[in-house]
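The values are calculated or read from the model by the stated rules, or taken from the named source; none is laboratory data. Every value quoted in this text rests on a predicted model; they were computed, and no experiment measured them. Cβ placement follows ideal geometry from the backbone for every residue including glycine, while neighbour counts extend to all protein chains displayed. With ligands, DNA and RNA removed, areas are computed over all heavy atoms of the protein, side chains included. Shrake-Rupley method; radii C 1.70, N 1.55, O 1.52, S 1.80 Å.
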Amino acid sequence: MATNKISKRGSEAGMTMEDLAALAGVSTITVSRALRNSPLVTEKTREKVRRVAEEQGYRLNISARNLRMGRSMSVAVVVEMTPVKGRPMSDPYPLALLGGITEELTTAGYTVVLTSRQLLDSAPVRGADGMILLGQGSHGEAVKVLQKAGLPLVVWGAPEASESYVVVGSDNHAGGASAAARFIEQRRRKLVFLGDVDHAEVQSRCAGFIEGMRGHGSVHIVRPKAFTFEAGFDCMSTLLKKKGLGAVDGVFAASDLLAMGAIRALAEQGLRVPDAVSVIGYDDTPGAASFVPPLTSVHQDLRDGGVLLGRKMLALLNDEPVASETLPTRLIVRQT
C-alpha cells in the first residue's frame with residue numbers, strides 16, 4: 001500500500017528525492033550520488049536506485065536543483081594554449097591535467113566546461129560557478145583576463161609574490177636545480193637553457209637551473225616562443241651556427257618537445273648525444289622514454305595536479321579555507 005501511495009504522489013504531485021530514498025531504503029545523498037553515477041556508491045546500490053527510480057517514473061531535475069542551490073553546478077576549465085601542428089590539444093599537457101580535474105569535479109556532481117580564453121563570453125562560461133586556468137600565459141596575461149570575471153579561480157602554474165589567486169603547480173625551481181645537479185655530476189660546464197622565460201613556470205625552471213649551476217659553469221639562455229619540436233630544432237640550429245659561442249656540452253629544455261628538437265639539431269651538426277652534449281627535457285611525457293636516445297627528463301605528475309586543482313576549486317565553492325600548493329618533481333635519468 002505504501003508503495004502505491006508514493007507512486008501516486010510521484011505521478012500527481014511530483015516525487016521527491018526523499019520519497020525515492022524511502023522506497024530504496026537508502027539515504028537521500030545516496031540517491032543523489034547514485035543518479036549521478038558517482039563512484040562513491042557501489043554498483044549494486046546504483047542499480048537498485050536506478051531501478052526504483054525507473055519504476056516510479058522519477059527523473060533527476062538538474063535545472064531545478066541548481067536553481068534551488070543558486071548554482072549552475074559547472075566549472076569552466078580554460079586552456080591557455082594555442083594548438084599547433086607540433087603541439088596539438090592531444091598533447092599529454094593538457095590532457096593529463098584535464099583527466100584529473102574531470103575525475104574530481106564530476107564525482108562531486110559538477111559539469112566541466114572546456115574552453116579557451118577567446119570564448120570567455122560564451123553563455124556556458126559566463127554561467128559557471130568557478131574557473132580553472134591551465135597556464136598563466138606570457139607575463140601572466142591569461143590570469144589578468146580571467147580575474148575580471150570575479151569568479152572563484154584556481155590556476156595551474158607557478159606561484160608569484162603578489163598573487164591574489166590560488167595556484168597549484170609543480171616545484172619548477174627544484175626541477176631546474178635537479179637538472180643542474182645532473183650536469184655537474186657529468187662535468188658539463190657550457191650549458192644552454194632552452195625556453196621562453198616570459199612564462200612564470202619556465203622562468204622558475206630557469207632560475208633553479210642557473211642557481212644550481214652557479215660556480216660550476218655558464219648558462220646561455222635561448223628563448224623559443226613555442227614549446228614544439230620545430231622550435232627546439234630551429235633555435236638550437238641557429239645557436240650552433242653562431243660564432244664565438246664556443247663548444248656547448250649541455251642543454252636543459254623547458255619541455256620534452258624542445259629537447260627532442262634540440263637533439264635533432266645537434267645530430268645534424270655531428271654532435272653526438274650524450275657523448276658530446278648531454279640533454280635534459282621537462283615533463284617526462286610518454287614520448288621521452290621511447291625517443292632515440294631515451295630522453296632524461298624532469299617528471300611532474302600532471303594527473304595528480306589535475307585532481308588537486310579540482311579539490312581546490314570545490315573548497316572555494318564551499319567557502320572553505322584554500323591555499324596554494326606545490327607538487328614535487330623528480331629527475332628521470334635515461335640515456336641523454
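Any residue at all in region 248-262 that's over 21 Å from S178 (Cα atoms) and either hydroxyl-bearing (S, T, Y) or out of contact with any Phe, Trp or Tyr (no Cβ under 7 Å at 6 or more places or on another chain) (or both)?
Looking for residues that are over 21 Å from S178 (Cα atoms) and either hydroxyl-bearing (S, T, Y) or out of contact with any Phe, Trp or Tyr (no Cβ under 7 Å at 6 or more places or on another chain) (or both), one finds none in region 248-262, hence no.
Look at G150 and say whether it is buried (at least 17 other Cβ atoms within 10 Å of the Cβ), within 23 Å of L316 (Cβ to Cβ), at pLDDT below 95 and of a type in the set (G, A, S).
It is false that G150 is buried (at least 17 other Cβ atoms within 10 Å of the Cβ), within 23 Å of L316 (Cβ to Cβ), at pLDDT below 95 and of a type in the set (G, A, S).
Determine if region 163-173 includes at least one residue that is of a type in the set (A, V, I, L, M, F, W, C), surrounded by fewer than 21 Cβ atoms within 10 Å (Cβ to Cβ) and not in a strand (DSSP E or B).
no
Would you be able to say whether some residue in region 282-292 is crowded, with 23+ Cβ neighbours inside 10 Å and touching a Gly at 6+ places or on another chain (Cβ under 7 Å)?
Scanning region 282-292 turns up at least one residue that is crowded, with 23+ Cβ neighbours inside 10 Å and touching a Gly at 6+ places or on another chain (Cβ under 7 Å).
Taking region 177-200 on its own, how many of its residues are closer than 20 Å to V273 by Cβ and assigned to a helix (DSSP H, G or I)?
8
So, in region 136-147, exactly how many residues are crowded, with 19+ Cβ neighbours inside 10 Å and either in contact with a Phe, Trp or Tyr (Cβ under 8 Å, 6 or more places away or on another chain) or assigned to a loop (DSSP other than H, G, I, E, B) (or both)?
3
Quick one: in region 1-22, which of the residues that are at pLDDT 75 or above and open to solvent by 50 Å² or more (accessible area, probe 1.4 Å) is nearest to the chain's Cα centre (by Cα)?
E18
Go through region 98-114 and report how many residues are within 13 Å of R311 (Cβ to Cβ) and open to solvent by less than 30 Å² (accessible area, probe 1.4 Å).
So the answer is 4.
I'd like to know if region 180-187 contains one or more residues that are among the polar types (S, T, N, Q) and either in contact with a Pro (Cβ under 6 Å, 6 or more places away or on another chain) or farther than 16 Å from P293 by Cβ (or both).
Checked region 180-187: no residue is among the polar types (S, T, N, Q) and either in contact with a Pro (Cβ under 6 Å, 6 or more places away or on another chain) or farther than 16 Å from P293 by Cβ (or both).
Out of the residues in region 259-296 that are out of contact with any Pro (no Cβ under 9 Å at 6 or more places or on another chain), polar (S, T, N, Q) and not in a helix (DSSP H, G or I), which is modelled with the lowest pLDDT?
In this case the residue turns out to be Q269.
Within region 276-294, take every residue that is out of contact with any Asp or Glu (no Cβ under 6 Å at 6 or more places or on another chain) and of a type in the set (A, V, I, L, M, F, W, C) and give me the one that is farthest from W156 (Cα to Cα).
Top of the filtered list is A276.
Open to solvent by 10 Å² or more (accessible area, probe 1.4 Å), assigned to a helix (DSSP H, G or I) and under 20 Å from G310 (Cβ atoms), is that true of P124?
Spelling it out, P124 is indeed open to solvent by 10 Å² or more (accessible area, probe 1.4 Å), assigned to a helix (DSSP H, G or I) and under 20 Å from G310 (Cβ atoms).
Among the residues of region 34-49, write down those that are in a helix (DSSP H, G or I), open to solvent by 80 Å² or more (accessible area, probe 1.4 Å) and either among the acidic types (D, E) or closer than 22 Å to L105 by Cβ (or both).
Passing the criteria: E43, E47.
Just checking, how many residues over region 308-335 are at pLDDT below 95, open to solvent by less than 70 Å² (accessible area, probe 1.4 Å) and assigned to a loop (DSSP other than H, G, I, E, B)?
Adding up the residues that qualify gives 3.
I'd like to verify a number: residues in region 201-258 that are open to solvent by 20 Å² or more (accessible area, probe 1.4 Å), in contact with a Leu (Cβ under 8 Å, 6 or more places away or on another chain) and in a helix (DSSP H, G or I), how many?
3
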